[in-house]
Amino acid sequence: MTDRHTADAGRADGKNGVADSKGDMETSRESSRGRILVVDDDPIILKSLSEMLRLEGHEVGEAKGAIEALEQLKEIAYDLVLSDISMPEVDGLKLLKEIKSRHAQVGVVLMTGFGTIEGAVDAMRHGAFHYVTKPVVDDEVRLVIERALESQSLRTENESLKQRLDIAYNFDNIVGRDHKMQRIFETIKMVADTKATVLITGESGTGKTMIARAIHHNSSRRNKRFIEVNCGALPETLLESELFGHTRGAFTGAFKDKIGKFQLADKGTIFLDEISTASPSFQVKLLRVLQDREFERVGQHETIKVDVRIILATNIDLEREVHKGTFREDLFYRINVVSIAIPPLRERLSDIKPLAEMFLQKCAKENERSIAEFTDEAMKKMHEYTWPGNVRELENAVERAVVLSAAASDAIDVKDLPPNVQSPPIVNPIITEDQVLPLKEAMKDPERRIIETALRANKWNRQKTAKMLQVNRTTLFNKMKKYGLLAE
């Protein structure tokens, strides 16, 4: 039997009584009110608990047994079930198992007599949130219900965040229509759920971090941490402490023990950006971690072992650095297990339009503008520009255009684009000897662009394209094969 005087007092005092029964905790409970199903074969207890919970502001359903409860759960999305254990036909333990198999998102709190507490504890091992003992006390029920609903709310929030991350790092939501990006997505699918070390290369602003996160979120480590460290942003002494941790007094300023990023990323993924900036001495220590997955904190001799997936990135040609002697050859081969080279934006022109449109939608929403498109002239200018800052520069250009465009404008025009995009400056770059490519290599990209443009103009009809380019079909076929255009 519940402590009914609380509910009776509330009804006797009318409106003020209801307010008093909530007390000073009304604000904190507001967020944890929910839809609760009370299950008990005793009609007095069932009615008493239901009324008490309704006074607390919950939406309450009633069921006289487990079978009736399961029928209601089919029709109504309850947040929580408060059920007695000892019931005829189907007891609370069997009800719990059925709920967890059919409605895993629903929380369960059980009520038990003193003689069956052991069974209630066992029920918690099978997924019950908690239990209360009979005769139940209103305040105890309120507290357990409040905690259970808060737990459900937190679980729902985490699931929602997880779903948003899944969407954000799903390949369909990473813009990359160009055939080169499609190949990268295929590589990610193959390598994501392995332990292989991945090296991501590409110019600044091409989206290396996005690819690293996509690898993590499409792996079995997705529910563990993704730790990102920019190696170029820290001096060597701090980088070692940041990655491996340190003990108190290990160096000046080390006032307390610190756990390193590698240890924090245990069972998850660590992403080391700008790895080319690592010093030779640090490279030796990193090589050991890659080989054995173990290290020592700065100032400590105890070895720490971790299970961590390592992804690295660089915008520097590491092979060239190896030849120069600034990057260790053994470390290069250790990190270059799977290499993903992200092409610059100027080499994937078909991605400019969808990327720009995605950034426009995002920036317009953030700045509460009704701009929905680009004029044809603005889009033409964006395709003519070389984008040395790659995707990051494109996003900044679109954001600038949205902010500076006329308030009543419904489209981004040429005049809204940055001056360098409107009229790219003519420059005479100073080319050093090691930047010069053999002529045959240098001509590959322009030749591929010309062929792809002609193919698109002729709707991929090879005969018409060969005639336009004034080459025979065999030559065209071989070049399409060479440049990966056959798949398209």
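Some notes on this structure:
- Matching residues, the stretch 200-230, being farther than 23 Å from T277 by Cα and of a type in the set (D, E, K, R): R221, R222, K224, R225
- Test set (1) on the phi < 0 side of the Ramachandran plot; (2) out of contact with any strand residue (DSSP E or B) (no Cβ under 6 Å at 6 or more places or on another chain); (3) touching a residue at least 40 places away in the same chain (Cβ under 8 Å); (4) surrounded by fewer than 17 Cβ atoms within 10 Å (Cβ to Cβ) - R288 fails condition number: (3)
- The stretch 461-484: number of residues that are at pLDDT 85 or above, surrounded by 14 or more Cβ atoms within 10 Å (Cβ to Cβ) and either assigned to a loop (DSSP other than H, G, I, E, B) or among the β-branched types (V, I, T) (or both): 2
- Residues of the stretch 259-288 that are of a type outside the set (F, W, Y) and more than 27 Å from E203 (Cβ to Cβ): I259, G260, Q263, L264, D266, K267, G268, S281, V284, K285, R288.
- Count of the stretch 318-338 residues which are closer than 22 Å to V191 by Cβ and touching a residue at least 60 places away in the same chain (Cβ under 8 Å): 6
- Looking only at residues in the stretch 249-293 that are in a strand (DSSP E or B) and more than 26 Å from L318 (Cβ to Cβ), the one that is nearest to the chain's Cα centre (by Cα) is I259.
- Scanning the stretch 117-156 for residues that are among the aliphatic types (A, V, I, L, M), at pLDDT 85 or above and surrounded by fewer than 17 Cβ atoms within 10 Å (Cβ to Cβ) turns up just one, L143.
- Any chance E203 is over 15 Å from the mean Cα position of the chain (by Cα), over 20 Å from W387 (Cα atoms) and charged (D, E, K, R): no
- Criterion: among the basic types (K, R), modelled with pLDDT of 90 or more and over 22 Å from R225 (Cα atoms) - qualifying residue of R293, R334, R309, R348: R334
- Boolean, Q361 is assigned to a helix (DSSP H, G or I) and either polar (S, T, N, Q) or over 26 Å from A214 (Cβ atoms) (or both): yes
- Scanning the stretch 224-239 for any residue that is surrounded by fewer than 17 Cβ atoms within 10 Å (Cβ to Cβ) and β-branched (V, I, T) turns up at least one such residue.
The values are calculated or read from the model by the stated rules, or taken from the named source; none is laboratory data. A quick note: this is a predicted structure, and the numbers were derived from the prediction, not measured. Cβ: placed from backbone, ideal geometry, glycine included. Neighbour counts: every protein chain shown.
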